[in-house]
């Protein structure tokens, strides 16, 4: 393994550590009897990182099981989000899209675990340290992508479009874009530029999914058991990592430029699929929205 796996790097600190939290949640989801999504690679990422090596990877190993606010409720939320976005990508592929861009790809393994039709290209954009760690782990277990995978190390707060184009991205083709959790952690100007870039590079038939959160300054959000439990159990201060400034209306921008947009709550999918978190009193998840866009 390379030095990217040592504690204190961009991989195992700050926002990088949240990728391991999501990977651990995906591992737990994979091993549930009523699993919403399967990710056989997730636990390998967690076990390869010294800072996370003792985290539970099955819900029965978490203190309190499903009653644990972190691994029970928030973990199930990540499992639900994984399933919903897996289905979103599958629908795009079913309609003929053969180009995907994963923005803030983190430890996402969709290039390896989804069924990609022949000729698909998957671009993964994230910090070089994250992608380097990920590649080491995948190489170590002999993983083979099911599509042409092109990882691109970059800072998504900067202008990443030239790198994407140089790597073979074709803006004339329909694209499925994912920004899973990314916009929670970047400033308003960065979100605005990112959405504008996606809009500029998206041909008719393209689709986009991303997550937004409002009200992070409210006491009921900041003091939620989910976030206090995350700090106490694994030392991740999610609220402290969220960008607190007023964010742009990205859904409104897409509508104004000709996209069809659907803004949903996670609970909509819990009810549809029959599994996942439901609303609770003083609920931090109630301020989360999943945004789905399509360009006709």
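The values are calculated or read from the model by the stated rules, or taken from the named source; none is laboratory data. Since this is a predicted model, take the numbers as computed values, not measurements. Positions of Cβ are backbone-derived with ideal geometry, glycine not excepted, and every protein chain shown enters the neighbour counts.
Of the residues making up region 165-183, those that are in a helix (DSSP H, G or I) and more than 21 Å from the chain's Cα centre (by Cα) are 165, 166.
Of the helices (runs of 4 or more DSSP H) lying entirely inside region 216-261, those carrying at least 3 residues that are out of contact with any helix residue (DSSP H, G or I) (no Cβ under 7 Å at 6 or more places or on another chain) are 225-234, 250-256. Given the condition closer than 19 Å to residue 290 by Cβ and at pLDDT 95 or above, answer yes or no: does some residue in region 180-189 qualify? Yes, there is a match, as at least one residue in region 180-189 is closer than 19 Å to residue 290 by Cβ and at pLDDT 95 or above. For region 127-150, indicate whether the set of residues that are modelled with pLDDT of 95 or more and farther than 30 Å from residue 47 by Cβ is non-empty. Within region 127-150, none of the residues are modelled with pLDDT of 95 or more and farther than 30 Å from residue 47 by Cβ. For region 281-296, the candidate set comprises residues that are part of a loop (DSSP other than H, G, I, E, B) and touching a residue at least 24 places away in the same chain (Cβ under 8 Å); within that set, the residue that is surrounded by the most Cβ atoms within 10 Å (Cβ to Cβ) is 283. When the residues of region 168-215 are filtered to those that are surrounded by fewer than 16 Cβ atoms within 10 Å (Cβ to Cβ), touching a helix residue (DSSP H, G or I) at 6+ places or on another chain (Cβ under 7 Å) and in contact (Cβ under 8 Å) with a residue 60 or more places away in the chain, the one that is farthest from residue 119 (Cα to Cα) is 215.
Of all residues in region 188-214, those satisfying the criterion of being in contact with a strand residue (DSSP E or B) (Cβ under 8 Å, 6 or more places away or on another chain) and not in a strand (DSSP E or B) are 194, 198, 199, 202, 203, 204, 205, 206, 214. Restricting 8, 16 to those that are over 22 Å from residue 198 (Cα atoms) and either surrounded by 15 or more Cβ atoms within 10 Å (Cβ to Cβ) or modelled with pLDDT of 95 or more (or both) reduces the list to 16.
Looking at 225, 251, which is the one that is in contact (Cβ under 8 Å) with a residue 12 or more places away in the chain and within 19 Å of the chain's Cα centre (by Cα)?
On inspection, the qualifying residue turns out to be 251.
Is it the case, given these coordinates, that residue 252 is modelled with pLDDT of 95 or more and surrounded by fewer than 17 Cβ atoms within 10 Å (Cβ to Cβ)? Against the criterion (modelled with pLDDT of 95 or more and surrounded by fewer than 17 Cβ atoms within 10 Å (Cβ to Cβ)), residue 252 qualifies. When the residues of region 41-62 are filtered to those that are without any contact (Cβ under 8 Å) to a residue 12 or more places away in the chain and part of a loop (DSSP other than H, G, I, E, B), the one that is nearest to residue 19 (Cα to Cα) is 53.
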